[in-house]
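What follows is a set of notes on a single structure, which appears directly below.
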Amino acid sequence: MNPLVPPSTPAGTTAAGADARNYQALDWLCTLIAVLDAQGAVRFVNAALENALGQSRRTMEASDFALCFAEPALLDKALSGARSNDFAALRFEAGLLRLGQEPLPVHVTVSVVEQVGHVMVEMWPLEQQARQDREERIREQAQANKELIRNLAHEIKNPLGGIRGAAQLLQMDLPTPELREYTTVIVHEADRLQALVDRLLAPHRHPHEVGDVNIHEVCERVRSLVLIEFPQGLRITRDYDISIPEFRGDSAQLIQALLNIVQNAAQALSLRMAQGDAEIILRTRVARQVTLGRQRYRLALELHVIDNGSGVPDAIKERIFYPLVSGRDGGSGLGLTLAQTFVQRHHGLIECESQPGRTDFRILIPLP
């Protein structure tokens, strides 16, 4: 049976009950959907729309759905066109009213359900679309970074070996220690660049070793390492959801990814540490119905690293996951790039929201 073309209502069944049964497949969708009669009265709303509006399906039955919009005339005009068969589908943008919250900006599509005279109103939150577009840009940029790093590292590595070897040969022929100091500098800088190249290539060299991962064991390992490095003035608060199940992954890579983020947070808290009120929060939660890489997952790990530092500088906020971009003097600019690479190997993603006094790095990884 096509769930969008319901049969006639059986005798003894209310219209609302029949609609709820015939359109129940729409409850599986994350899109906000309302099914209306030709006059705009609600016949059915799916679970996603119930959650967005903060109202139950039962309380909305037979109500005028146009009143759920900041500008009811937009939907009224669309319904008028549907009644006169002026279009197959009409699209517009509107504000969806929510209890106790600001209107939710949505993209609306109004279409006629054939055979039964109902109208389907589909709504996509614009903030959700913007988030998906941002995730896609992050993934594309990460892939471009990987190729750039790999090619650049190999291009640097070959001449670097020649420079170092030539400097060592020259050093043996120089007559005085003063002159040999110059070749020592060349060898030292060549070694430093070699170490940088090795770090750039490290994520692509190591195999992905999969096993059972307990995310709280990962968090505790990172917490202990960072507190050893920063023993004074820093508090790392645990806020764990201990019901989160184990999942398949590379524990070492996840430890390194989380360690890079927490170390960055700790280094950004130097002034707060001096005052004795620096804090990092490690928070784990389960997120439901999460889209990652255009794939929908029923459950996902949501791991937050929150600090009370000065925030990410505006000048680099959009580029913090790019290689060699750092907001700290002396920083390599590789920590967050490597963290994003390791998390993406787990089909996940790292996002960042930052303002003075609160920076939140959120790691999302699908759960079984």
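Values quoted throughout were computed directly from the atomic coordinates according to the rules given, and no laboratory measurement underlies them. Computed from a predicted structure; not experimentally measured. Heads up, the Cβs are rebuilt from the backbone with ideal geometry, glycines too, and the neighbour counts pull from every protein chain shown.
I need the fraction of alpha carbon pairs in the range 211-366 separated by more than 29 Å, rounded to a whole percent.
So the pairs more than 29 Å apart make up 13 percent of the total in the range 211-366.
Through the Karplus equation 6.51 cos²θ - 1.76 cosθ + 1.60, θ set to phi - 60°, convert the phi angles of the range 161-175 into ³J(HN,Hα) values in whole Hz; use x for Gly and Pro.
Here the 3J(HN,Hα) series is x, x, 4, 5, x, 5, 5, 5, 5, 5, 4, 6, 9, 7, x Hz.
Once you sort the root eigenvalues of the Cα gyration tensor of the range 20-108 as a ≥ b ≥ c, which label holds: rounded (a/c under 1.5), prolate (a/b larger than b/c) or oblate (the other case)?
The shape class here is oblate.
Find the Rg to Rh ratio for the range 251-318, where Rh is the Kirkwood radius over alpha-carbon pairs and Rg uses the same atoms.
Using only Cα positions, Rg/Rh for the range 251-318 is 1.06.
Run the dipole for the range 15-126 about the Cα centre, Lys and Arg Cβ at +1, Asp and Glu Cβ at -1, nothing else charged, and hand back the magnitude in debye, nearest 20.
140 debye
Give me the number: length gained by fully extending M172 to L97, i.e. 0.36 nm times residue separation minus the C-alpha to C-alpha distance, one decimal in nm.
Answer, rounded to one decimal: 19.1 nm.
At a Förster radius of 25 Å, what calculated FRET efficiency corresponds to the Cβ-Cβ distance of R298 and H107, to the nearest 0.05?
E between R298 and H107, to the nearest 0.05, is 0.50.
Which ordering of L225, L254 is given by a fewest-first count of other beta-carbon atoms within 10 Å?
L225, L254
Please report the spacing between the Cα centers of the range 93-127 and the range 21-53 in Å, no decimals.
Centre-to-centre (Cα) distance: 10 Å.
Find how much the distance from R319 to E155 grows on full extension, using 0.36 nm per residue of separation minus their present alpha carbon separation; answer in nm with one decimal.
56.6 nm
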